[in-house]
Amino acid sequence: MSKFNSYCWVLFILVANSYADSSMEDSDRGQRTEDRGQKTEDRGQMTPVIDDSFPVISDSFITVRDSFIIIRNPAKEPVYELQPIVITGSRIPTKAPDLTRSVSIITDKEIESLPIYSVSELLNYLVDMRQRNIYGVQADVSIRGSSFEQVLLLVDGVEVADPQTGHHNLDIPVALSDIERIEVLKGQGSAIYGAGAFGGVINIITKKADNDTIEAGGSYGDYNTYTSNIGAGIPVGNFSNRLTVAGQKSAGYRKDSTDFRNIDASFSSAFKDMFNLSVGYLEKDFGAYKFYGPFLSKELTETRFATIGSNLKLASRISIQPKLYYREHYDEFILKRDTPDYYTNHHTNYKYGGEIVGFFNDAVVGWGDAIIGIEAKNEQIKSTGIRSGAEVTALGEHNRQNTAMYAEYRYRVKSFLANVGSRIDYNSLYGTYYSPSLSMGYFLGRVKFRSSVGTSFRAPTFTELYYKDPANIGDSTLKAEQSVSYEVGADYRAFEQSFLSWTQASITCFANRQDNLIDWIKLAGTTAPWRAKNIGKVASYGIEAGIEFREEKVGSFKVDYTFMQMTSELDSGYISKYALAYPEQQVSARIIRTLPLKFEISVSGAFKVRHQESTGTPLPTDRYTVLSAELSKRIGKFSFSITGTNLLDEKYEDIAGVELPSRWLTVNANVGI
């Protein structure tokens with residue numbers, strides 16, 4: 001290991017040690033007394049009371065601060081509660097301590113502190129990401145060893161998964177500065193959200209404009225890479241409006257087709273809590289070096305997205321939320337960049353639909369809350385191409401419809417809680433699928449024990465069904481995937497009132513059995529093209545563990561570990577392109593620390609050991625460590641920072657043949673008005 005690499009690890013360790021030292025010093029000089037507040041427990045959730053000297057309390061009735069909610073009662077002392085309402089682990093909004101599923105949350109304050117520039121880089125702290133370029137040009141997301149097709153993406157609860165291919169699932173017209181938080185449900189979710197929620201569900205929740213604000217920023221770094229963004233909050237009467245425009249451009253970290261240019265624009269408007277509208281546009285123009293074969297390719301994608309919804313309160317305890325959405329995605333793929341007439345595809349797919357959800361609280365249904373919903377959507381593709389100068393149909397024209405009915409009931413009595421979900425989907429190509437789920441939790445002091453079981457299904461994408469090029473061939477006879485998932489786990493939460501600090505830890509054991517798993521396979525040692533096939537039964541199991549510590553005015557520390565194994569019925573002599581390239585072990589850690597003179601440093605690292613047996617072209621190494629850091633300083637409404645990415649200068653690949661960049665530095669500046 002070089003001296004530079006050693007210094008990087010020393011930096012990481014010193015920050016962690018300073019964290020521990022700070023906490024010990026606070027502990028030595030602090031003393032708990034009853035006159036500073038009291039702790040009460042209500043159905044397993046701690047609700048400490050703090051005094052009026054707490055510095056972040058505002059004059060408003062409710063203030064959201066990082067992962068905490070501070071509620072100010074004019075007649076009493078302020079109350080300090082852990083975590084906001086979570087809307088992804090269940091269709092029924094639930095406080096985080098009451099969740100009966102494994103859900104990870106990352107907030108806007110953490111996003112601001114981390115050395116990242118895209119949603120895919122952010123998700124790398126929560127799940128397994130397989131990137132093909134930097135700044136989120138294109139990346140595949142995997143949860144608990146799932147394929148990139150088996151994770152459902154949502155924006156404010158609206159499905160944005162691409163019906164052409166999961167490679168485009170992260171073509172989302174939402175800038176980092178517009179994200180309030182991201183919630184990740186790990187494990188099956190079809191009983192709640194329908195097809196595609198095999199490995200889990202990712203819900204990106206956007207900010208609402210509450211004040212007149214203007215924010216602008218930019219960055220410049222190695223590889224002639226720069227970014228710019230401007231956003232404005234424009235409240236008009238009872239309407240909260242937000243407009244954001246962002247751009248990214250780079251010459252590329254390799255000379256052979258890794259350049260890119262991204263443009264992102266979005267607008268949202270909300271009328272109180274009764275009506276909301278969002279529209280967005282995203283364009284990506286990038287070199288697709290060895291993305292899908294041994295070629296210097298080029299790709300252009302455009303995404304248009306719109307959603308409109310409302311919240312109609314029919315009675316004090318009953319409400320209905322209707323919602324409509326539209327997504328259009330264009331994909332131009334040139335197999336050989338310098339000779340577009342040799343092989344080019346033009347794909348345009350459309351997804352549009354709506355749903356109506358009714359919410360009923362415990363006063364209506366007794367002992368719990370319930371929702372009932374109906375949903376309908378249409379997916380369509382129109383695809384043409386050029387082969388050696390001649391126009392062809394490529395994927396052709398296809399469409400399919402899906403309708404669904406679903407219900408969920410949440411029951412709670414004293415320390416016991418349970419969620420029961422049920423959903424029936426009818427797909428015009430694959431028939432009817434029933435997806436039940438059951439999850440339970442029990443509080444024992446500060447520890448919550450939980451378990452869940454449920455089923456999932458997924459219809460093949462249009463690419464898996466109809467694609468054909470010199471390196472890949474689809475199969476129109478593919479069957480839908482199905483699975484059964486199980487998990488048991490425990491969560492621990494503790495709050496230390498004297499220092500406004502809290503600790504939480506969790507552990508989860510999970511297992512999954514899949515039938516008719518779809519993957520791209522071929523005979524080992526041949527030059528034959530990859531073919532999409534149902535490879536039979538696949539079983540996976542593993543364990544997840546994590547611990548997090550936060551202290552107000554000091555910072556936070558978090559580390560997560562995942563271990564998993566997978567077995568398959570892949571025929572002897574065949575190799576897998578995607579499904580079996582899962583991470584056998586993954587460790588991610590991040591530290592955010594406040595320094596003297598109001599500087600802040602964040603250091604993050606990830607270590608992965610990726611399974612390579614029965615996969616395609618082996619990676620140069622089955623394990624790697626990536627360490628990044630950011631040092632920032634805020635002066636009034638102006639902030640600046642310097643970011644170092646891949647500080648260890650690791651040579652690594654997430655996708656075989658697609659080498660990711662070595663160490664690079666970036667300087668950033670932002671101003672808010």
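Here are some conditions: (1) buried (at least 24 other Cβ atoms within 10 Å of the Cβ); (2) of a type outside the set (Gly, Ala, Ser); (3) in a strand (DSSP E or B). Residue 184 meets all but one. Which one does it not meet? Only one criterion is unmet by residue 184, namely (1). When you check residue 201 against the structure, is it crowded, with 24+ Cβ neighbours inside 10 Å, assigned to a loop (DSSP other than H, G, I, E, B) and aliphatic (A, V, I, L, M), yes or no? The answer is no for residue 201.
In region 601-660, which residues are among the β-branched types (Val, Ile, Thr) and either at pLDDT below 90 or not in a strand (DSSP E or B) (or both)? Please lay out each step first, then the result.
Residues of region 601-660 that are among the β-branched types (Val, Ile, Thr), as a first pass: 601, 603, 609, 615, 617, 621, 625-626, 635, 642-643, 645, 655, 658.
Selection gives 615, 617, 621, 655, 658.
For region 303-325, the set of residues classified as modelled with pLDDT under 90 and among the polar types (S, T, N, Q) consists of 316 only. Between 179, 192, 172, the distinction of being under 12 Å from the mean Cα position of the chain (by Cα), open to solvent by 10 Å² or more (accessible area, probe 1.4 Å) and at negative phi belongs to 172 only.
Can you spot a residue in region 348-356 that is of a type in the set (A, V, I, L, M), open to solvent by less than 70 Å² (accessible area, probe 1.4 Å) and in a strand (DSSP E or B)? Show your work before the answer.
In the first step, residues of region 348-356 are kept if they are of a type in the set (A, V, I, L, M); the result is 356.
Next, only the ones that are open to solvent by less than 70 Å² (accessible area, probe 1.4 Å) stay: none.
No.
Evaluate the following for residue 426: is it within 18 Å of residue 166 (Cβ to Cβ) and open to solvent by 40 Å² or more (accessible area, probe 1.4 Å)? Explain how you work it out, then say what you get.
Numbers: within 18 Å of residue 166 (Cβ to Cβ): no; open to solvent by 40 Å² or more (accessible area, probe 1.4 Å): yes.
Taking the combined requirement at face value, the residue does not satisfy it.
Would you tally the residues in region 515-532 being assigned to a strand (DSSP E or B) and crowded, with 21+ Cβ neighbours inside 10 Å? Final tally of qualifying residues: 7. Counting just the residues of region 361-376 that are surrounded by fewer than 20 Cβ atoms within 10 Å (Cβ to Cβ) and modelled with pLDDT of 90 or more, which one comes out farthest from residue 462 (Cα to Cα)? This residue is 372. Within region 131-141, does at least one residue satisfy the condition of being open to solvent by 10 Å² or more (accessible area, probe 1.4 Å), small (Gly, Ala, Ser), touching a Ser or Thr at 6+ places or on another chain (Cβ under 6 Å) and in a loop (DSSP other than H, G, I, E, B)? Yes, that holds for at least one residue.
Out of the residues in region 454-486 that are more than 16 Å from residue 515 (Cβ to Cβ) and in a strand (DSSP E or B), state the one that is most open to solvent (accessible area, probe 1.4 Å). Result: 468. Taking region 392-441 as the range and being within 25 Å of residue 187 (Cβ to Cβ), without any contact (Cβ under 8 Å) to a residue 40 or more places away in the chain and of a type in the set (Gly, Ala, Ser) as the test, the residues that pass are 407, 431. Among the numbered conditions (1) open to solvent by 40 Å² or more (accessible area, probe 1.4 Å); (2) modelled with pLDDT of 95 or more; (3) under 27 Å from residue 218 (Cα atoms), the only one that residue 594 does not meet is (2).
Of all positions in region 137-145, at least one carries a residue that is under 14 Å from the mean Cα position of the chain (by Cα), polar (S, T, N, Q) and within 12 Å of residue 578 (Cβ to Cβ). For region 87-125, filtered to residues that are part of a loop (DSSP other than H, G, I, E, B), closer than 24 Å to residue 262 by Cα and of a type in the set (S, T, N, Q), the residue that is nearest to the chain's Cα centre (by Cα) is 124. Inspect region 557-577 for any residue being open to solvent by less than 20 Å² (accessible area, probe 1.4 Å), more than 20 Å from residue 508 (Cα to Cα) and out of contact with any helix residue (DSSP H, G or I) (no Cβ under 8 Å at 6 or more places or on another chain) and give the result as yes or no. Looking through region 557-577, at least one residue is open to solvent by less than 20 Å² (accessible area, probe 1.4 Å), more than 20 Å from residue 508 (Cα to Cα) and out of contact with any helix residue (DSSP H, G or I) (no Cβ under 8 Å at 6 or more places or on another chain). Residue count for region 322-341, restricted to those that are among the hydrophobic types (A, V, I, L, M, F, W, C) and open to solvent by 70 Å² or more (accessible area, probe 1.4 Å): 1. Among the residues of region 221-261, those identified as open to solvent by 40 Å² or more (accessible area, probe 1.4 Å) and either among the aliphatic types (A, V, I, L, M) or touching a helix residue (DSSP H, G or I) at 6+ places or on another chain (Cβ under 7 Å) (or both) are 229, 230, 234, 236, 243, 245, 251.
Listed by first and then second residue, the pairs linking a residue in region 562-587 that is of a type outside the set (Gly, Ala, Ser) to a residue that is modelled with pLDDT under 85 and not in a loop (DSSP other than H, G, I, E, B), with Cβ atoms under 8 Å apart and 6 or more places separating them unless they lie on different chains, are 575/615; 577/615; 580/615. When only residues in region 573-587 that are of a type in the set (A, V, I, L, M) and part of a strand (DSSP E or B) count, which is modelled with the lowest pLDDT? The qualifying residue modelled with the lowest pLDDT is 575.
The set of residues in region 206-220 that are part of a strand (DSSP E or B), open to solvent by less than 60 Å² (accessible area, probe 1.4 Å) and under 19 Å from residue 671 (Cβ atoms) comprises 213, 216, 217, 218, 219. Among (1) open to solvent by less than 20 Å² (accessible area, probe 1.4 Å); (2) of a type outside the set (Gly, Ala, Ser); (3) in a loop (DSSP other than H, G, I, E, B), which single condition is residue 553 missing? For residue 553, the failing item is (1).
What's the total number of residues in region 534-544 that are open to solvent by 40 Å² or more (accessible area, probe 1.4 Å) and in contact (Cβ under 8 Å) with a residue 40 or more places away in the chain? It would help to see each step written out before you state the result.
Residues of region 534-544 open to solvent by 40 Å² or more (accessible area, probe 1.4 Å): 534, 537, 541, 543.
Subset that is in contact (Cβ under 8 Å) with a residue 40 or more places away in the chain: 534.
The number of residues fulfilling the criteria is 1.
Residue 295 satisfies every condition listed in (1) farther than 30 Å from residue 230 by Cβ; (2) open to solvent by less than 10 Å² (accessible area, probe 1.4 Å) except (2). Across region 598-611, not a single residue is classified as among the hydroxyl-bearing types (Ser, Thr, Tyr) and surrounded by fewer than 18 Cβ atoms within 10 Å (Cβ to Cβ).
The values are calculated or read from the model by the stated rules, or taken from the named source; none is laboratory data. Keep in mind the model is a prediction, meaning the values are calculated, not measured. Ideal geometry is used to build each Cβ from the backbone, glycine not excepted, and the neighbour counts take in all protein chains shown. We work out accessible area using only protein heavy atoms, side chains counted, and drop any ligands, DNA or RNA first. Shrake-Rupley method; radii C 1.70, N 1.55, O 1.52, S 1.80 Å.
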